[in-house]
1. Which GluC sites (Glu not before Pro) does segment 9-44 hold that lie in a coil by DSSP with at most 12 other beta carbons within 10 Å?
2. Select from segment 74-172 those trypsin sites (Lys or Arg not before Pro) which occupy a DSSP coil region and have at most 11 other Cβ atoms within 10 Å, ordered by residue number.
3. Would you calculate the separation in nanometres between label points at Arg136 and Glu21, each defined as 7 Å from the Cα along the Cα-to-beta-carbon direction?
4. Suppose R0 equals 35 Å; then what is the FRET efficiency for Lys42 and Asn12 from their Cβ-Cβ distance, rounded to the nearest 0.05?
5. Report ³J(HN,Hα) in whole Hz for each residue of segment 158-174, in order, from the Karplus equation J = 6.51 cos²θ - 1.76 cosθ + 1.60 where θ = phi - 60°; Gly and Pro get x.
6. Please pull out the direction-averaged projected area of segment 78-158, using the convex hull of its alpha-carbon atoms, in nm² to one decimal place.
7. Can you check what the net charge comes to around Ile67, using other residues whose Cβ is under 12 Å from the Cβ of Ile67 (Lys, Arg +1; Asp, Glu -1)?
8. Counting only residues 5 or more places away or on other chains, whose amide H sits under 5 Å from the amide H of Asn57 once H atoms are built in the peptide plane?
Amino acid sequence: FNYIAHWKWKPNGSAYLATPEEMGGNLIKITSSATGEDIEIKHKSCEEAHRTLGVMNIPRGENKAEIQRLKKTTVEFTRPIGASHISRNDTKIAHDSIYRPSLGYSLASTTFKRPQLEKVQGAPIATLLSRMGYNRNMPRAIVFGPKSMGGLGMLELFVEQGRSKGMKLMEHIR
C-alpha cells in the first residue's frame, strides 16, 4: 500500500488532503519481472490508520487509532495484574519492564494533549498503585514525582511524550 499526500484547496482557501477517489484510485503500478503483469499498489486514504512498527499513524496527523491502541494495551496489561496475587515488588517490576516500554515507544512519533494521556493511564495507574500497596487515590504529584524527591517515579505519559520527542530531536541533530 501507499499514501499520497495531495493537497487541495476549497473555495474559502482552506486546505485538505485529497481522497484516493479524487485522485483516480490506485496511481502506482509495478511490473512483475517474472510474469510481465502490471500490479497495482493499493492507495490508502490519508484518513485511514495503519499500524507500522506498532504505532497507528495516519498522514493527516490525527491519532485517534493510536489512543485506542494505547487504551487497549493498558487494559490488557492491568486486567491480569488486578486479578492476580503477585507481590508488590513484582508489580513494580512489571510497571518498569513491561508497562513503560509498551506505552512509551510510540510517543515520539505521536502528539497527544495531556487530558488524552491522563485518560489512557488513569485506571491502570490506580490498579498498579493498589497492587503495590499504595492508596489508589494517592496524589499524582507523588506518584509521578522522582524517587530522589520522595515520589514513586512512575511513568507519566505526557512527560514521557516530551522526553521521547526531545531524545528523537537530539538523535537527528547529532
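Every read-out reported here was derived from the displayed coordinates using simple, explicitly stated rules and does not represent laboratory data. Just so you know, these numbers come straight off a predicted model, no measurement behind them. A quick note on method: Cβ atoms are made from the backbone with ideal geometry, for glycine too, and the neighbour counts reach across all protein chains shown.
1. Passing sites in segment 9-44 are Glu37.
2. Of the trypsin sites (Lys or Arg not before Pro), the ones in loops of segment 74-172 whose Cβ has at most 11 other Cβ atoms within 10 Å are Lys113.
3. A separation of 4.6 nm, rounded to one decimal place.
4. The value I calculate is 0.65.
5. With the stated coefficients, segment 158-174 comes to 5, 5, 4, 4, x, 4, 5, 5, x, 5, 5, 4, 5, 4, 7, 6, 6 Hz.
6. Over all viewing directions, segment 78-158 projects a mean Cα-hull area of 5.4 nm².
7. Here the count lands on +3.
8. It is His50, Thr52, by chain and number.
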